[in-house]
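Reviewing the structure listed below.
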Amino acid sequence: MKPEKLIMGWRRRVPVEVLRNQLIAVLEKYFPGQYTWRGGSHIVVQDDNLKGLEDYGSEGDFSIPVKSGKKVKRYYIKRLVKTIDLLEQMGVMRNEKRP
């Protein structure tokens with residue numbers, strides 16, 4: 001499924017858990033080159049536009065735990081959607097890959 005359709009679906013109703021490969025597809029679309037995952041239990045997303053904002057780290061980062069390396073819980077998907085929406089409202093998120 002395309003990342004745009006995943007996000008649209010998640011805005012309506014987030015499932016209890018989301019597969020890691022769906023999350024990665026969305027991150028590749030909206031945060032290309034701005035996340036790290038080395039096969040461990042967390043994916044860290046970083047965006048300079050989030051620096052100094054409440055709920056984000058000092059480097060504009062946030063972490064998404066991956067349960068058993070395969071699934072992501074609803075709470076973290078909701079947070080990701082909220083972040084994408086926030087960046088779109090700020091005018092810095094486009095619905096295309098960013099350099």
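The values are calculated or read from the model by the stated rules, or taken from the named source; none is laboratory data. Note that this is a predicted model, so its numbers are computed, not measured. Quick reminder, even Gly has a Cβ in these numbers, built from the backbone with ideal geometry, and neighbours come from all protein chains shown.
Pick from region 1-54 the residues that are touching a strand residue (DSSP E or B) at 6+ places or on another chain (Cβ under 8 Å) and modelled with pLDDT under 90: which of them is nearest to Met90 (Cα to Cα)? That would be Trp37.
Identify, please: which residue in region 47-78 is out of contact with any Phe, Trp or Tyr (no Cβ under 7 Å at 6 or more places or on another chain) and surrounded by 18 or more Cβ atoms within 10 Å (Cβ to Cβ) and is, among those, farthest from Val16 (Cα to Cα)? It comes out as Val66. Criterion first (in contact with a Pro (Cβ under 8 Å, 6 or more places away or on another chain), under 20 Å from Glu28 (Cβ atoms) and among the hydrophobic types (A, V, I, L, M, F, W, C)) does Val66 satisfy it? Answer is no for this residue.
Where strands (runs of 3 or more DSSP E) fall entirely within the chain, those with at least 2 residues that are without any contact (Cβ under 8 Å) to a residue 24 or more places away in the chain are at 42-46, 61-65.
Residues that are among the aliphatic types (A, V, I, L, M) and out of contact with any His (no Cβ under 9 Å at 6 or more places or on another chain) are absent from region 55-66.
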